[in-house]
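The values are calculated or read from the model by the stated rules, or taken from the named source; none is laboratory data. What you see is a predicted model, and the numbers here were worked out from it, not measured in a lab. Note that each Cβ is placed from the backbone with ideal geometry, even for glycine, and that neighbours are counted across all protein chains shown. Heavy atoms of the whole protein, side chains included, go into the accessibility calculation; ligands, DNA and RNA do not. Shrake-Rupley method; radii C 1.70, N 1.55, O 1.52, S 1.80 Å.
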Amino acid sequence: MHYELSYSQPKTLDINEKKVKTSSKQTAHSQKPTPDEKRGLETPVQFCPGVGPGRAKALENMGVYTVRDLFWHLPRGYEDFVHVTDIASLPPNGIATVVATVTYVESRMPRGRSRVRHILNATVKDDSGELEVVWFNQSYLSEQIKQGTRLRLHGKAEGRAPFMKMSSPKFVVLSDETEEEAGDILPLYPLSDKLTQGAIRKIVSKAMERFSLYLVEWMPSAILQEHGFPSRMEAFRILHAPQAGEGAPLDSALPEESLLFNTMDADDDEPEALLPEGEINTPWENARRRLVFEELFLHQFSLRLVQGKLKQFTGISHPAPNPEPFAENLDAIELEIKQPCAWPARFVQNLPFALTDEQRKVCREIQTDMLESAPMNRLLQGDVGSGKTVVSVYAMVLAAAGGCQAALMAPTELLAQQHAASIRAFTKTIPELQTVVLTGGMKAAERRAVQQALKTGGAQLVVGTHALFQEDVEFDRLGLVVVDEQHKFGVEQRERLVKKGEHPDLLAATATPIPRTLSLTVYGDMDISTIATLPPNRPEIRTRWTHWINESKVWGFVDEKIALGQQAYIVCPIIDPSETQPDLPSTEEAFEAITEKHLTNRRIALLHGRHSPQDKQAMMDAVRAGDLDAVVATTVIEVGVDLPNATIMVILGAERFGLAQLHQLRGRVGRGTQKSYCILITPERLSPYAEQRMRLMEATRDGFRIAEEDLKLRGPGEAFGTKQSGRIRFHLADPMRDGELLQAANQTAHDMFQKDPRLIDPAHDNMKNEILSAYGRIALRRPS
């Protein structure tokens with residue numbers, strides 16, 4: 001039987017061609033493969049039936065380059081042409097399918113100038129009632145829809161019985177030869193320009209028919225049985241073309257605002273499958289879980305391969321410090337400063353404060369790694385103000401004590417200068433250690449002098465920005481790379497700096513705590529050290545959220561605190577006033593209003609990204625010296641600026657900032673001994689998400705809880721910079737939604753790696769091939 005399925009575009013589709021004909025019983029191609037098809041799943045998508053160069057380009061714009069990519073280009077939902085609803089039972093504003101006969105048709109051209117050039121009105125009727133239907137600008141439908149024609153209509157029903165209406169529904173012209181016509185479940189795919197749903201359905205259907213033989217099962221049968229997973233071929237078949245009764249989430253069963261109806265913009269960089277979860281233990285849900293587990297398992301195992309590969313490199317085995325820096329009787333030991341092996345102990349002994357138990361624990365973890373010959377690859381995470389800097393400097397001193405150089409890369413010149421000042425203060429009792437700074441804003445002569453010191457070994461410690469990994473920067477013996485605020489740097493930037501030495505140790509630090517679900521997927525190839533608590537005696541930071549109507553009260557409070565000798569930060573989201581968003585506070589407007597109206601007798605400076613590095617440093621030096629009462633700034637002061645006398649943080653337009661950024665800004669105060677305050681000012685009317693951020697900031701100072709919420713609200717790509725770092729790429733898996741499967745995949749990968757770390761067992765050949773295809777040969781290649 002031949003059905004015609006019409007779309008709102010002037011296109012028709014043979015509904016029989018849309019079905020993916022592959023089933024679990026299919027074991028061979030329907031025709032002999034061409035030479036290009038011998039590449040299996042790596043066959044370029046251009047050679048799929050019905051594609052060609054033009055459509056291949058449109059598919060490539062969505063990240064679909066091969067047959068493998070096409071199979072993983074999963075639907076974002078499904079249209080239900082199967083379950084038929086009587087017209088009298090149509091749910092108001094719900095999606096439904098009806099089977100009815102056309103009783104009236106009118107084709108007309110509207111008068112006057114209008115974008116609507118043609119209107120086709122029809123009345124259809126079943127045994128329960130009548131339904132009005134209208135199509136716009138599809139005059140060709142007049143040849144298909146005539147009085148007496150039976151239609152299967154699918155669309156949104158508007159109004160209430162008996163006055164129901166459908167606008168531009170999709171439809172199938174039914175044959176008069178049968179009474180009961182079978183409907184279908186149609187997949188809805190993410191689209192780009194020049195590709196319709198009908199076109200991509202045909203492409204996927206033909207590709208599954210011809211290439212599904214190459215969906216080789218690599219997952220051991222024990223894992224399939226343990227989790228109740230279908231075969232790989234069956235899983236892809238079910239997700240691309242579920243049958244009635246297999247439990248796929250259908251549009252007729254979900255509200256209109258469901259994920260099924262999220263449209264993909266044509267210019268999206270990474271169109272994603274947005275498949276919602278279906279009912280538990282249905283074939284469709286088991287298929288979804290199987291492919292999620294597949295992605296997570298392969299990723300977890302590949303991370304272990306990468307980590308194992310790194311540990312096979314021969315790096316620098318730093319000599320053990322003597323005496324042990326964390327010995328209980330360290331204070332009673334007389335240290336000989338001229339012996340480099342004593343520098344780490346001297347560093348710890350002369351700190352102006354005692355390291356916390358967690359700081360000491362993390363220092364020992366780092367030291368253990370650095371004493372081994374394999375390069376360290378460790379992530380140091382801790383909340384704002386937890387003391388990561390002193391731990392990082394300890395690692396740098398340990399490297400220098402062994403005759404190596406250590407480089408710390410910071411995201412901004414201001415932070416690089418501050419880190420250098422901290423390092424010099426911490427190491428002032430070790431005069432042999434020379435610390436230099438290298439940034440892009442330095443004068444040429446000064447830069448050449450620093451580069452010469454690094455090349456000859458005259459400087460052991462260097463702090464810099466992106467300038468550190470420029471080609472003309474050479475090191476005498478680089479033994480440690482510390483990356484501060486690692487999420488602000490891409491993978492390539494970090495690797496370029498590491499390549500300045502012979503497999504130096506890497507310590508990446510972040511003040512954005514990483515939830516476990518994300519640490520397994522994004523940083524699974526790194527060892528992780530965590531400083532979970534703040535040092536004792538840190539002052540309280542009270543956070544309060546208020547509205548613009550209370551602005552004068554806020555400035556009165558700030559003025560009172562300044563009168564007591566305290567200092568304030570005032571942060572705005574933008575520098576200049578915005579014509580498109582006039583209500584958005586800018587530093588220029590805020591500075592003018594504060595100095596001329598609110599804090600007229602106070603010493604206030606303006607600081608933003610357009611100021612030169614020298615001006616920024618001079619301004620912060622003035623604040624530190626007490627020559628300024630307040631600084632109006634952008635987020636240039638977000639990271640690392642450490643002024644003990646700053647006790648007030650006022651954030652204007654706080655709704656414009658994410659949770660992690662608000663938490664970072666709040667961390668710029670409360671670094672001394674005085675009680676501190678963070679004041680969030682927003683409009684009264686906010687989106688639910690913005691209001692949720694403000695309330696959470698008021699409720700907690702726990703960076704780990706904030707990180708979890710930020711991950712939920714913004715997703716891993718935005719919240720933790722993983723889009724920039726390139727470390728996370730999943731088609732279907734979601735670490736937050738699929739946390740249970742992530743834990744299971746992680747444990748399974750761990751167990752299998754313990755048994756066969758290099759996949760040399762012939763039974764694991766298919767798994768090895770899948771990892772090679774998904775993650776490249778670098779994971780399995782022995783280091784040179």
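For the reader, a short list of remarks on this structure follows.
- Across the options Leu310, Ala374, Ala320, the greatest Cα extent toward the positive end of the charge dipole of the stretch 289-399 (unit charges at beta carbon of Lys, Arg, Asp, Glu) belongs to Leu310.
- Working ranking of peptides 300-312, 537-549 by packing, defined as the average number of other Cβ atoms within 10 Å per residue, highest first, is 300-312, 537-549.
- Accessible solvent surface per residue of the stretch 355-450, calculated while the other protein chains remain in place, 1.4 angstrom probe, Å²: 33 Å²
- The residues of the stretch 132-250 have, on average, 40 Å² of accessible surface per residue, using a 1.4 Å probe with all protein chains present.
- Global form of the stretch 49-113, assessed from the alpha-carbon gyration tensor, a/c cut-off 1.5: oblate
- In a simple Cβ point-charge model (Lys, Arg +1; Asp, Glu -1; nothing else charged), the stretch 184-239 has a dipole of about 300 debye relative to its Cα centre.
- Sorted largest first, the spans of the alpha carbon positions of the stretch 39-184 along the three principal axes are 56, 41, 32 Å.
- Dipole size of the stretch 387-544 about its Cα centre, with +1 on Lys/Arg Cβ and -1 on Asp/Glu Cβ: approximately 520 debye, rounded to the nearest 20.
- Take 202-210, 103-111, 55-63 and order them by the average number of nearby Cβ atoms within 10 Å per residue, most first; the result is 202-210, 55-63, 103-111.
- If R0 is 35 Å, the Cβ-Cβ spacing of Glu158 and Arg117 corresponds to a FRET efficiency of close to 0.95.
- Charge dipole magnitude, Cβ of K and R +1, D and E -1 - the stretch 69-168, Cα centre, debye nearest 20: 580 debye
- Backbone amide hydrogens, once placed in the peptide plane, bring Tyr189 within less than 5 Å of Arg76, excluding anything fewer than 5 places away on its chain.
- 27 Å Cα-Cα threshold exceeded, pairs from Lys170/Lys202; Lys57/Lys206; Lys561/Lys712; Lys156/Lys194: Lys561/Lys712
- Carbon-plus-sulfur accessible fraction, the stretch 634-684 (probe radius 1.4 Å, protein heavy atoms only): 42%.
- Sorting the segments 746-754, 656-664, 218-226 by their mean number of nearby beta carbons within 10 angstrom, highest to lowest, gives 656-664, 746-754, 218-226.
- Model label sites at His750 and Glu60, defined 7 Å from Cα along the beta-carbon direction, differ in position by 4.3 nm.
- For the stretch 621-694, the normalised intensity computed at q = 0.14, 0.27 Å⁻¹ comes to -0.47, -1.35 (log10 of I(q)/I(0), Debye sum over alpha carbons, equal scatterers, no solvent).
- Gyration tensor (alpha-carbon) shape descriptor, the stretch 311-463, a/c threshold 1.5: rounded
- Dipole of the stretch 587-705, positive end: most advanced residue of Gly670, Ile604, Met619 [Cβ charges, Cα centre]: Gly670
- Summarising the amide proton neighbourhood of Trp545: residues at separation of 5 or more, or on other chains, whose placed amide H is nearer than 5 Å comprise Leu680.
- Whole-angstrom gap from the stretch 626-673 to the stretch 183-206, using each part's C-alpha centre: 50 Å
- Just the protein heavy atoms count here, and of the accessible area of the stretch 421-462 at 1.4 Å, carbon and sulfur take up 54 percent.
- Expressed as a whole percent, the accessible surface of the stretch 337-407 that belongs to carbon and sulfur atoms is 49, based on a 1.4 Å probe.
- Each residue of the stretch 56-69 was assigned a 3J(HN,Hα) from its phi angle through the Karplus expression (A = 6.51, B = -1.76, C = 1.60, θ = phi - 60°), giving 4, 5, 5, 5, 4, 5, 9, x, 9, 10, 10, 4, 4, 4 Hz with x at Gly and Pro.
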